[in-house]
1. Can you return the lysines within cross-link range of Lys206? Criterion is Cα-Cα under 27 Å, with same-chain partners fewer than 8 residues away left out.
2. Please report, largest first and rounded to whole Å, the three semi-axes of the ellipsoid equivalent to segment 270-330, where each semi-axis is the square root of five times an eigenvalue of the C-alpha gyration tensor.
3. Along the three principal axes, how long is the chain when you take its alpha carbons, biggest first, rounded to the nearest angstrom?
4. Determine, for each peptide in 140-151, 98-109, 122-133, 304-315, the mean count of other beta carbons within 10 angstrom over its residues, then list the peptides with the highest first.
5. Within segment 3-155, how many lysine pairs that are 8 or more places apart, or on different chains, have C-alpha atoms less than 26 Å apart?
6. Check every DSSP H run in the chain and write down those whose alpha carbon atoms cover 24 angstrom or more along the long axis and whose mean Kyte-Doolittle hydropathy is -0.5 or greater.
7. Across 10 Å bins from the origin, how do the percents of Cα pairs in segment 3-155 run, short distances first?
8. Note down the net charge around Gln370, summing +1 for each Lys or Arg and -1 for each Asp or Glu among other residues with Cβ under 11 Å from its Cβ.
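Derivation of every value follows stated rules applied to the coordinates shown; laboratory data play no part. Computed from a predicted structure; not experimentally measured. Glycine gets a Cβ as well: all are built from the backbone with ideal geometry, and neighbour counts include every protein chain shown.
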Amino acid sequence: MALIKSISGTRGTIGGKTGENLTAQDLVESTAAYAHWVIQTANNPIVVVGRDARISGDIVSNIVVNTLRMMGIRVIDLGLSTTPTVEVAVAQEGAGGGIIITASHNPKQWNALKFLNAKGEFISGEDGQAILQFIESNEVEYASIDKLGAYSKAVGYIQKHIDMILGLKLVDADAIRQKEFTVVVDCINSTGAISVVPLLEQLGCKVIAINDAVNGKFAHNPEPLPEHLSQLAEEVDAQGADLGIVVDPDVDRLAFVCEDGSMFGEEYTLVAIADYVLKHTPGNTVSNLSSTQALRKVTEKHGCQYEASAVGEVNVVTKMKDTNAVIGGEGNGGIIYPTLHYGRDALVGIALFLSHLTAEGTSVSKLRGQYPNYIIIKDKVKLTPEINIDLLLNSLKDKYKNYPQNTIDGLKIQLDDNWIHLRRSNTEPIIRIYTESNSITTAENLAKKIKMDMSEILKM
C-alpha cells in the first residue's frame, strides 16, 4: 500500500490509513490545495474534471468535484474521458485548470489526481511545490454558502477531440479510409473503448475490440508492455488483422502489434510517428533521457536536431517549447504533437501512425524494419527508507567517471553506442533502471552489472 504526494500530483492505493494510502482525507487535502492554487493563479476559477474507468473512479470523482465546489470553484465534469481529452477541454473551455483522475498504467487498486494548468498542460515543478506546501500548511479556507461553485456536465468532448484530430493537415483521413484496415484494439476495460474505437471507425477501419467493457476490471496488467499483450497478439494473428493497438487506461500511452503478432515496440511508436512528421514538417524533436536513441538517428536522417529532456511530460513539453520542436514525447508510447496540444495523446498518435502506414504502402512489420534496431531493458529496484539515492548515484557517478554522463535527471552513463539510466520514479517507490544496446544480451548484461554495482555500494 502506498501514498505519493509529489510535484506531479497525488497518487496512491485505495484503502488503509490516512497518510499511508489514498483515502478520502488525502483526496480532500490535495484537491483543496490545488483549488487554492487555481484561485491564486488563474483568471477564471473553473476546473475541468475527467476520469478513466477504474473501479474507484466514480467515488474519487465525487470527492474531488465537491471539494472543488466547496472551495468556490466552478466544475465542468467530463465524466468518463481520457487524459488528452481533458487537456483539450481545459483550453477549449477557457478554464483555470483541470484534474484528471487516473493512475495511468498502475494496477486497479491505484488511483491518482493529475493537475493541469490553464493551458491544459501538466503543472510545473514550481507550481507543484507550491501546492505541496499549501497541503502541509493546513490553512484551507472554504467558500461561504453564497459562493459555492457551480456544477455542469459536458457531453461529447471525446468526439470534439476526434474532430480536431481528423482536421489536422498531416492526418490523411481519406487515404486511410480507402485502406479499410482491420484493427484489433485492446481497450484494457477503460476509456479506450469510448475513444480509440470511435476514432478508428471514423477512419474507416474494421475494429475488433477486446477487453472493451468499461468497468475498470483490467483483464491484465494495464501497462502496455509486451509481456502483457499476449491476448492482443494472438487475436491479431487469429483475425488476420493489419495491426493491433493497445493504450493504457487513460489513453495517453500507445503501442502497436504487427500483423504477424510481433511487437512493434512502444519505444518505436514515437520513432515512426516522428519520421512521418519530419518528412512533411522538418524541425526539432525531443524525448526524455530514458527513451531510445533511435529517435535521434531518425531526426538526424532528416537533417534536423534532437534534444533530450528529464523524464516527465512537463519536462519534455518545456524542452519542446524551448527548441520549437515539431514532435516529441516519451519512449513509453507517449506522443506529443504540439500542432494539436502539448500533451501525450494516443488518439492523435493513432491517426498520424495510420497516415504514415498508408503513405508508405507497406505492412506494420516492414515499417518497423525501416528503423535502427535498439533494445531497451526496463528494470527497477525497490526504494526502501534506508537507501540514500543521492549517495548511491554519486558513488556510481564516481565509479563510471571515465564515461560521458548526464545528471539532469538521476544518472545517465553513455557507453559508446550503449547507455544506462538510473532515476527515482515520480509515481512509485522505486529506482528505475534503463539500459539500451543494439544487442539484447548486452542490454541485459548492462542491467545486471549496474544492479550488482548498486548492491555492492549499498553494502558498504
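1. Cα-Cα hits under 27 Å: Lys160, Lys169, Lys179, Lys217, Lys366.
2. On the way: eigenvalues 57, 28, 16 Å².
Semi-axes, largest first: 17, 12, 9 Å.
3. Principal axes ranked by extent give 63, 63, 39 Å for the Cα atoms.
4. Numbers: 140-151: 12.3, 98-109: 24.4, 122-133: 17.5, 304-315: 20.2.
In decreasing order of mean packing, 140-151, 98-109, 122-133, 304-315 become 98-109, 304-315, 122-133, 140-151.
5. Summing the qualifying lysine pairs gives 11.
6. Details: long enough: 24-41 (25 Å, 0.13); 440-459 (29 Å, -0.16).
Long hydrophobic helices here: 24-41, 440-459.
7. Final binned percentages: 12, 47, 36, 5, 0.
8. Working: positive: Lys301, Lys366, Arg368; negative: Asp275, Glu360.
Around Gln370, the charge tally is +1.
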